[in-house]
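Novice: Shown below is the structure under consideration.
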Amino acid sequence: MALERDGGLVDFDVDAVLEAVSDAAGEDGFLVCVVYDDDSFSTVHVDERVDALYPDAETREEHFARIHSYVHLDFTERELFEDLFIDSGGARAFVTYMGNVVAVRVLSGDQGAFLVLAPDVPVTDVVEAAERAMGAGTDA
């Protein structure tokens with residue numbers, strides 16, 4: 001289920017990210033995409049299986065807002081890892097493996113794309129595809 005576009009929230013092409021992630025993850029593997037910066041977020045894709053977990057869109061967005069309230073950690077954690085590791089090339093993405101999904105945060109400057117994927121998706125391929133579409137990462 002494609003939702004409203006970001007309304008200018010991020011500098012990168014959201015449609016290009018959606019297409020790249022969908023191609024890399026496969027239609028059944030791509031569950032959620034939320035684009036964000038430090039202050040706000042925009043839900044741009046929610047698979048019907050995820051949407052069915054919520055009684056309505058308002059409840060879903062309230063839950064997503066709770067998740068977004070911790071987004072500053074992405075940018076703080078990036079700085080931490082870049083400071084700790086010698087010649088790291090920069091922290092570009094964070095991946096969290098859970099029992100039934102993989103949460104991926106791909107960063108581009110002070111913006112990002114929060115992706116939720118099925119556990120069997122090739123995560124590195126998705127991150128690289130998202131980076132290329134965002135104009136971020138080492139291949140951009």
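The values are calculated or read from the model by the stated rules, or taken from the named source; none is laboratory data. Small disclaimer: the values here were computed from a predicted structure and weren't measured. Here the Cβ positions follow ideal geometry from the backbone for every residue, glycine too, while neighbour counts run over all protein chains shown. The area values use the complete protein model at the heavy-atom level, side chains included, leaving out ligands, DNA and RNA. Shrake-Rupley method; radii C 1.70, N 1.55, O 1.52, S 1.80 Å.
Novice: Output the number of the condition that VAL17 fails; it satisfies all remaining conditions of (1) surrounded by fewer than 18 Cβ atoms within 10 Å (Cβ to Cβ); (2) at pLDDT 95 or above; (3) within 15 Å of MET134 (Cβ to Cβ).
Specialist: Failed condition: (1).
Novice: Another one. With open to solvent by 80 Å² or more (accessible area, probe 1.4 Å) and farther than 27 Å from ASP120 by Cα as the only criterion, which of ASP87, ASP56 stands out?
Specialist: None of the other options fit; the residue is ASP87.
Novice: Okay, moving on. Going through the range 17-48 one residue at a time, which ones are polar (S, T, N, Q) and within 22 Å of HIS68 (Cα to Cα)?
Specialist: Correct list: SER40, SER42, THR43.
Novice: To continue, here is another question. For the range 9-25, what are the residues that are of a type outside the set (S, T, N, Q) and part of a helix (DSSP H, G or I)?
Specialist: Of everything in the range 9-25, those that are of a type outside the set (S, T, N, Q) and part of a helix (DSSP H, G or I) turn out to be VAL14, ASP15, ALA16, VAL17, LEU18, GLU19, ALA20, VAL21, ASP23, ALA24, ALA25.
Novice: Would you check which residues across the range 35-48 are surrounded by 11 or more Cβ atoms within 10 Å (Cβ to Cβ) and either charged (D, E, K, R) or in a helix (DSSP H, G or I) (or both) and list them?
Specialist: ASP37, ASP38, ASP47
Novice: Going by the conditions given, is PHE94 at pLDDT 90 or above, within 20 Å of LEU117 (Cβ to Cβ) and surrounded by fewer than 19 Cβ atoms within 10 Å (Cβ to Cβ)?
Specialist: Values: at pLDDT 90 or above: yes; within 20 Å of LEU117 (Cβ to Cβ): yes; surrounded by fewer than 19 Cβ atoms within 10 Å (Cβ to Cβ): yes.
Yes; evaluated as a whole, the condition is true for this residue.
Novice: Those residues that are over 17 Å from the mean Cα position of the chain (by Cα) and among the small types (Gly, Ala, Ser), I need them from the range 33-88; list them, please.
Specialist: Correct list: ALA52, ALA57, SER88.
Novice: For the range 57-140, which fully contained strands (runs of 3 or more DSSP E) count at least 2 residues that are touching a strand residue (DSSP E or B) at 6+ places or on another chain (Cβ under 8 Å) and of a type in the set (Val, Ile, Thr)?
Specialist: Numbers: elements: 93-97, 102-108, 111-117.
Qualifying strands (runs of 3 or more DSSP E): 93-97, 102-108.
Novice: State which residue is nearest to PHE41 (Cα to Cα) when the search covers only the range 110-140 and only residues that are open to solvent by less than 60 Å² (accessible area, probe 1.4 Å) and modelled with pLDDT under 90.
Specialist: Among those residues, the one meeting the criterion is ALA136.
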